[in-house]
Amino acid sequence: MANRCTHVPEIMMPQAGTDLSKWAVIACDQYTSQPEYWAESDRIVGSAPSTLRLTLPEVYLEDSDVETRTAQIHQTMQHYLASGTLTQLPAGFVLTERFSGGSCPRRGLVLSVDLEAYEYKPGSQSPIRPTEKTVIERIPPRLKVRQGASLELPHIMILIDDPDRTVIEPLFDKTDSFSKLYDTDLMQGGGHINGWFIPQGAETDAIEGKLEALCDRSTFNKKYGCTDEQALLPYAVGDGNHSMATAKAYWEEIKQDLSEAEMADHPARYALVEVVNIHDESLIIEPIHRVMFHVDADDLLTSAIAFFKDNGCEASLSEGGAHAFPYCTQTSRGVLSVNSPKWAIPLGTLQAFLDHYLEQHSEVKIDYIHGADVVESLGTQPGNMGFFLPDIEKKDLFRGVIFDGVLPRKTFSMGEAHEKRYYMEAKKIIK
């Protein structure tokens with residue numbers, strides 16, 4: 001890569017003595033239908049310093065007092081900075097280990113990425129890309145929170161495809177040589193998290209070198225079976241893409257008034273993220289199934305076969321296709337099979353048809369379902385139809401983005417709500 005995508009940030013952490021179990025709060029885009037979760041978080045935090053006071057839980061995003069809440073967030077950021085509640089560390093990375101109830105911890109590396117190397121618009125060829133479609137309408141309300149903010153707190157997870165575990169995992173053999181930054185339980189069933197500080201120097205240089213090695217063209221082509229025509233994809237946004245897109249939109253807004261020199265080191269140019277290897281054993285990637293409502297199943301299946309034929313594929317209601325989708329209705333079960341698919345992963349194949357069908361049939365609705373048992377229950381009700389998606393291979397996630405562009409919305413689920421990132425580190429986004 002001609003330009004390095006990563007950047008060594010100057011991270012801010014709460015001053016010594018802060019109760020980190022009250023400081024760290026789960027990502028704002030979780031529990032959006034459960035205001036009681038956030039009410040309990042508010043009760044736990046009380047008057048203690050907390051990231052709850054620096055973020056806007058999306059459960060409140062459409063409330064009438066959202067402007068008041070946003071102004072309060074901006075004021076609290078300024079107060080935490082002025083009072084020393086937050087203190088700035090030297091430049092460096094943070095190595096994290098999160099235990100949240102599974103058989104193994106999630107291991108990650110907190111660093112900054114260059115928003116100039118990220119693009120969320122369809123057809124993007126940038127080295128940092130979303131895995132799923134960005135809903136542009138979700139950006140403006142989030143942008144209002146970022147405008148006027150002096151800090152960012154990340155819940156963005158960036159994935160790397162490192163099957164040989166060359167970047168993050170070897171660092172855990174060296175934790176004795178790093179200083180412990182935090183070691184705390186997380187509220188409301190979030191488990192426990194440890195963090196070690198890695199100061200800028202030989203170690204961070206080595207890490208960035210290993211990250212760049214993932215972009216070696218010959219290795220990349222061999223790994224994914226592609227040619228030089230496909231753009232390199234070393235980094236894929238796995239969680240928090242709309243926060244990343246908001247950071248990008250804010251940067252595009254403010255850089256208009258900056259000189260080239262000012263742009264080069266402006267703190268808003270770099271977004272704080274946690275980098276995680278997709279091959280980390282803790283990451284369980286599960287398919288999200290589809291249920292159709294108010295649908296004539298026979299018409300849908302007939303339309304599917306015609307659609308795939310028009311797209312140069314072979315489709316049939318039989319088992320054994322390259323991409324096969326078991327389905328259920330009130331009166332029947334079967335498999336929709338597609339051979340010679342033009343899409344790299346099965347979900348891309350099915351969703352391309354479903355999007356086409358929904359455009360033609362406004363009365364038909366779709367829902368995205370976790371768990372095959374729920375598909376079974378809903379799909380067999382009158383007028384409904386359920387499609388069961390196959391498990392997603394970790395190697396196929398990057399391959400799908402490389403060949404098909406961003407994956408369809410609701411392609412996969414990565415972890416339960418309580419496993420999502422908690423806010424801990426902060427970074428200035430103003431000079």
(request) Translational diffusion coefficient, Stokes-Einstein: compute it for the range 263-304 using the Kirkwood radius over C-alpha pairs as Rh, at 37 °C and 0.692 mPa s, and state it as an integer in µm² s⁻¹. (result) 207 µm²/s
(request) Could you please rank 404, 257, placing first whichever residue has the fewest other Cβ atoms within 10 Å of its Cβ? (result) 257, 404
(message) Going by amide H atoms built from the backbone, whose H comes under 5 Å of the H on residue 191, apart from near neighbours?
(response) 186
(message) Give me a comma-separated list of calculated 3J(HN,Hα) values for the range 187-193, in order, Karplus coefficients 6.51, -1.76, 1.60 applied at θ = phi - 60°, integers in Hz, x for any Gly or Pro.
(response) 5, 6, x, x, x, 9, 9
(request) May I ask you to give the average projected area over all directions of the convex hull of the Cα atoms of the range 86-155, in nm² rounded to one decimal? (result) 7.5 nm²
(request) Could you give the spread of the C-alpha atoms of the range 381-431 along their three principal axes, from largest to smallest, in whole angstroms? (result) 57, 31, 20
(message) Checking a compactness column here: for the chain, what do you get for Rg(Cα) / (2.2 N^0.38 Å), N being the number of residues?
(response) 1.03
(message) Check which residues have an amide H placed less than 5 Å from residue 275's amide H, if you skip close sequence neighbours.
(response) 109, 110, 111, 158
(request) For the range 76-195, report the translational diffusion coefficient in µm²/s to the nearest whole number, using Stokes-Einstein at 10 °C, 1.306 mPa s, and a Kirkwood Rh over Cα pairs. (result) 90 µm²/s
(request) Evaluate 2.2 N^0.38 Å with N set to the residue count of the range 320-384, then give the Cα radius of gyration divided by it. (result) 1.18
(request) Could you run the Karplus curve 6.51 cos²θ - 1.76 cosθ + 1.60 with θ = phi - 60° over the range 390-398 and give me ³J(HN,Hα) per residue in whole Hz, x for Gly and Pro? (result) x, 4, 9, 6, 4, 5, 6, 5, 5
(request) Tell me, rounded to the nearest percent, the portion of alpha carbon pairs in the range 152-299 spaced more than 18 Å apart. (result) 73 percent
(request) List the residues whose amide H sits under 5 Å from the amide H of residue 87, counting only those 5 or more places along or on another chain, with H placed 1.01 Å from N in the peptide plane. (result) 13, 15
(message) Give the separation of the Cα centroids, the range 372-422 to the range 192-210, in Å.
(response) 33 Å
(message) Apply the Karplus curve 6.51 cos²θ - 1.76 cosθ + 1.60, θ = phi - 60°, to the phi angles in the range 399-410 and return the couplings in whole Hz, x for Gly and Pro.
(response) 4, x, 5, 4, 8, 9, x, 4, 6, x, 4, 6
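All of the numbers you see were taken from the coordinates with simple rules; none came from a lab. Source: prediction; values computed, not measured. Cβ: placed from backbone, ideal geometry, glycine included. Neighbour counts: every protein chain shown.
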